[in-house]
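Comments concern the structure below.
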Amino acid sequence: MNSRNIIPYLGLLIMTLFGTGCSTDRDPATLFAPDAVGVLVIDATMIVGDSFPKVRLTRTLAPNVPYTLADAHEYGADMEISWSGGVVRYQESLAQYEDEFVAFYSPMPGTTGLVRQGTQYDITVTTTNGQALRATTLTPTNFSVEDWVLLSSDGSTVVRELRTFAELGDGAYTHPDNQLIYAEGLVDGRLAQPAEHYGAYGFQVALFSLDPEAGYVIDPPFFEPEDFLDLPREGSSPILSGVDESLRLPWFSVFFDGRHLFKAFAVDRNWYDLERTIPQGGGSFVFGGNVGEGVDPPLFHVEGGIGLFGSAAVDSLGVSIVPLQP
């Protein structure tokens with residue numbers, strides 16, 4: 001599984017913003033629009049070098065209505081993403097998500113081409129009742145971390161350089177240099193340039209545990225057996241300025257052994273502004289270098305709705321976590 005296989009649905013931001021994004025208790029969007037029921041919510045992130053994304057289009061529901069993706073989905077809308085010299089039209093599709101089939105919008109069959117760097121994309125949505133939603137993103141240019149290294153626990157010494165997908169493909173997960181003993185040393189992604197060099201506004205890091213049968217690397221004495229079942233297999237950091245030219249990855253976000261994928265995103269203005277203005281905590285792991293204190297309401301660069309139509313360039317690192325031996 002390489003750096004192209006896992007893309008954050010809404011960049012993990014809506015999971016941070018709206019809790020899990022699929023709660024059966026209430027529509028999380030009402031946390032940010034408590035008096036606004038029926039507001040359109042767009043959910044789409046464009047990743048440079050990847051195919052055009054699936055798009056989720058929903059509406060906020062009343063706070064006393066149980067929230068399901070099927071009930072919140074906006075059916076029958078016309079949707080397209082366009083840029084200078086091109087357009088991709090969308091159609092409704094179904095996919096299984098956990099224990100239910102959910103509707104979303106996907107590119108028409110036969111759509112080809114990848115998301116371009118440094119390009120303005122516009123999304124236009126028209127609902128069956130004539131309501132319009134529009135948003136624009138300017139994609140960053142291609143981005144890569146200069147070096148991934150393992151530092152000593154105090155951060156003062158480079159223990160070794162880590163191997164990349166560019167060098168080894170999926171072999172990066174099993175290479176000896178990328179076998180990391182839990183909580184020994186610090187993983188550091190070193191940046192060659194600041195965010196603005198890539199036409200980006202900041203950085204964000206996401207973490208994915210890839211092995212469903214992986215064991216646990218933590219065993220808190222106060223944990224009950226059911227507490228382990230609630231541990232997340234993926235998460236995202238707050239927005240990072242990257243001014244210290246480093247993206248450090250914290251051990252306290254790692255709960256499982258086995259293969260892990262770290263993804264570093266250089267993000268556009270829409271992604272940056274939304275992430276920096278949402279309350280921190282809840283779904284994200286948190287560490288230093290983040291930007292902003294939260295704004296009420298958050299900044300949605302969407303005309304006719306809320307949510308995110310954003311973009312990013314991405315670089316990735318694949319490692320395997322080895323449990324600390326007693």
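In a fully extended conformation the segment linking Arg134 and Asp71 would gain 20.4 nm over its present Cα-Cα distance, using 0.36 nm per residue. Kindly state, to the nearest 0.05, the FRET efficiency for Thr126 paired with Glu184, given R0 = 45 Å and r defined as their beta-carbon distance. Result of the calculation: an efficiency of 0.25.
In angstrom, the C-alpha Rg and Dmax of the stretch 112-159 are 20.9, 61.
Across the stretch 34-64, the residues whose backbone nitrogen lies under 20 Å from the label position 7 Å along the beta-carbon direction of Trp83 are 43-56. Here the Kirkwood formula, the inverse mean of 1/r across different C-alpha pairs, assigns the stretch 110-229 a hydrodynamic radius of 19.1 Å. For Glu74, nonlocal amide neighbours, meaning residues 5 or more places apart or on other chains whose placed amide H falls under 5 Å from its own, are Leu57, Thr58, Arg59.
Its alpha carbons considered, the stretch 201-258 gives a radius of gyration followed by a Dmax of 14.0, 42 Å. Under a 5 Å amide H cut-off, with hydrogens placed 1.01 Å from N, Gly235 pairs with Leu207 among residues at least 5 apart or on other chains. Exactly which chymotrypsin sites (Phe, Trp or Tyr not before Pro) in the stretch 64-121 are in a DSSP loop and have at most 10 other Cβ atoms within 10 Å? Within the stretch 64-121, the qualifying chymotrypsin sites (Phe, Trp or Tyr not before Pro) (loop, at most 10 other Cβ atoms within 10 Å) are Tyr75.
Read the figures in this text as sums done on the coordinates, not as results from a lab. Note that the structure is predicted; figures quoted are calculated from it, not measured. In this analysis, Cβ positions are derived from the backbone assuming ideal geometry, glycine residues included, and neighbour counts consider all displayed protein chains.
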